[in-house]
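Beneath this line is the structure, given in structure tokens, with notes to follow.
All of the numbers you see were taken from the coordinates with simple rules; none came from a lab. Everything quoted here is computed from the prediction, not taken from an experiment. Here the Cβ is made from the backbone with ideal geometry for all residues, glycine too, and neighbour counts use every protein chain on show.
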Amino acid sequence: MSETATPHTQSAEPIATAPSASPADIPRYLLQFLLASQGVCHEYTLLAALLQLARDLGLVAEGDTPDATRWHGQLREHIETANVRLEPLQFHVAQVQLGSGKRAAMAQWRREMAGVQLSPADTESLSQLPDSSRYYVHVNTQSSPETRTGTWMTPQQVEFAKWCVAQFAEHGSAVQTLGPEVAAASAGIRADIDGASGSPHGWRRCVSYSVGSTQLAQYPGLSAIETEQAVAQLCERRWLARTSDGRVGLTVRAAAELDSLLRDTYALPRCAVCARVVLHGAACGNLAAHVSEGPESGEEDEDEASSGMAMWHVDCYQHYVAHVSKSCPKCSASIVDDAVYVL
Ligand SMILES: [Zn+2]
Ligand SMILES: [Zn+2]
């Protein structure tokens, strides 16, 4: 799945503040904005919303260019305040990284911001921030996967979504030869990885946690048309996303909500740098060395037992090969010469 290829992108609506609004209301307004954006937006989209709020509340004088770094820090504090209030309700606003990396995230951010009327000073201010792949996502923290998504999904959607997750996990467990459609749909991610690996022609193999629509149409509980509708609804809620070649996969929001389920139940590999589940990035290609470390043979508490493969998100891979090592931390094979894309 590449969320960057999703045609649906939520445009950031300006927040309508009440005349009596005060700075103490900022966390609540930011939360409202995040929920109106289907519970997921790039951190700079939320920052843009904060700058608009600050102007509404008279906290930034007309004509002033706000200090983006300072407001970025304030955004974090407001979200912390919102989280204190959300905790009894078992919700949380998490900051997560888009696995497909900064470039993909910034391209998506520009689309998120396309319809937003920002003042030239705020636009100027935001443009000074470094590229970021971080998103804010509103997630349900209840322990059971059934209730976790139950607040907005119907029971049928929950059943279907659970089945989809199983399909994604199973599909991702098989290493494939990179086909032309997948290659074309993932050119951006591959370019970022190839740039970091220095591999002149790229790698031949990939795994993918996104599946074709026809595979999802096999769902026993629904007709093909009903399945298509269910996928469309889950895409609209930014829980599933389509790639440009028609595959369907989990979004950054769903991945954040399901992180422990993906790791513990489906044994999806965790990133060697940040320890979150990897749906996009790179994996060590020395498969033989990793097979015996699969979930079947591992102890539950064993650190790497959730998966045999060594994986990295795009940003994490770039960091790892530039600053840590060009070899796999588990088997010492090269991870730049002939590794595996996660697309
Ligand atoms: Zn990572
Ligand atoms: Zn390895």
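For LEU287 and ASP25, a Förster radius of 51 Å and the Cβ-Cβ distance give a FRET efficiency of 0.40, rounded to the nearest 0.05.
Counting other C-beta atoms within 10 Å, and keeping those with at most 16, which DSSP coil chymotrypsin sites (Phe, Trp or Tyr not before Pro) do you find in the range 147-250? Could you put the intermediate results ahead of the total?
Numbers: sites: TRP152, PHE160, TRP163, PHE168, TRP203, TYR209, TRP239; in loops: TRP152, TRP203, TYR209, TRP239.
Counting only loop positions with at most 16 other Cβ atoms within 10 Å, the chymotrypsin sites (Phe, Trp or Tyr not before Pro) in the range 147-250 are TRP152.
Here the calculated FRET efficiency for ARG85 and ALA36, from their Cβ-Cβ distance with R0 = 22 Å, stands at 0.80, rounded to the nearest 0.05. Maximal additional length on extending the LEU57-GLN215 stretch stands at 51.8 nm, based on 0.36 nm per residue less the C-alpha distance.
Between ARG76 and GLN233, the FRET efficiency from the beta-carbon distance, with R0 = 30 Å, is close to 0.40. Stretching THR141 away from HIS319 to a fully extended chain increases their span by 61.1 nm, per 0.36 nm per residue minus the current alpha-carbon distance. Computed from label points 7 Å out along Cα-Cβ, the spacing between ALA183 and CYS274 is 2.9 nm. Rounded to the nearest 20 debye, the dipole size of the range 3-141 about its Cα centre is 340 debye, using +1 on the Cβ of Lys and Arg and -1 on the Cβ of Asp and Glu.
Spin-label model, THR69 to GLN156: label points 7 Å out along the Cα-to-beta-carbon direction sit 5.4 nm apart.
Considered as an equivalent ellipsoid built on the Cα gyration tensor, the range 3-141 has semi-axes of 21, 20, 13 Å, the largest given first.
Counting only C-alpha contacts under 8 Å and six or more residues apart, can you give the relative contact order of the range 155-342 as a whole percent? It rounds to 24 percent for the range 155-342.
For the chain, relative contact order (Cα pairs under 8 Å, six or more residues apart, normalised by length) works out to 21 percent.
What residues from the range 186-223 fall in the zone where the backbone N is under 15 Å from a label point 7 Å along the Cα-to-C-beta line of ASP338? Label zone hits: 199-206.
When N is the residue count of the range 155-342, what does its C-alpha Rg come to as a fraction of 2.2 N^0.38 Å?
Values: Rg = 16.5 Å, N = 188, 2.2 N^0.38 = 16.1 Å.
In units of the globular-protein estimate, the range 155-342 measures up at 1.03.
Using only alpha carbons, the chain has a radius of gyration to Kirkwood radius ratio (Rg to Rh) of 0.98. For the range 173-249, the list of trypsin sites (Lys or Arg not before Pro) that fall in a loop by DSSP and count at most 16 other C-beta atoms within 10 angstrom reads ARG204.
Residue order for SER334, SER223, fewest other beta carbons within 10 angstrom first, comes to SER223, SER334.
If neighbour count is taken as other Cβ atoms inside 10 Å, put THR81, THR141, THR177, THR243 in order from fewest to most. Working shown, then result.
Working: THR81 16, THR141 13, THR177 8, THR243 23.
Final ranking by Cβ density, sparse to dense: THR177, THR141, THR81, THR243.
Dipole magnitude of the chain about its Cα centre, charges +1 at Lys/Arg Cβ and -1 at Asp/Glu Cβ only, in debye to the nearest 20?
Working: 25 positive and 39 negative charges, 102 e Å.
Charge dipole, the chain, about its Cα centre: 500 debye, nearest 20.
Along the Cα-to-Cβ line of SER127, 7 Å from the Cα, sits a label point; which residues in the range 62-91 have backbone N less than 12 Å from it? From the range 62-91, the list is empty.
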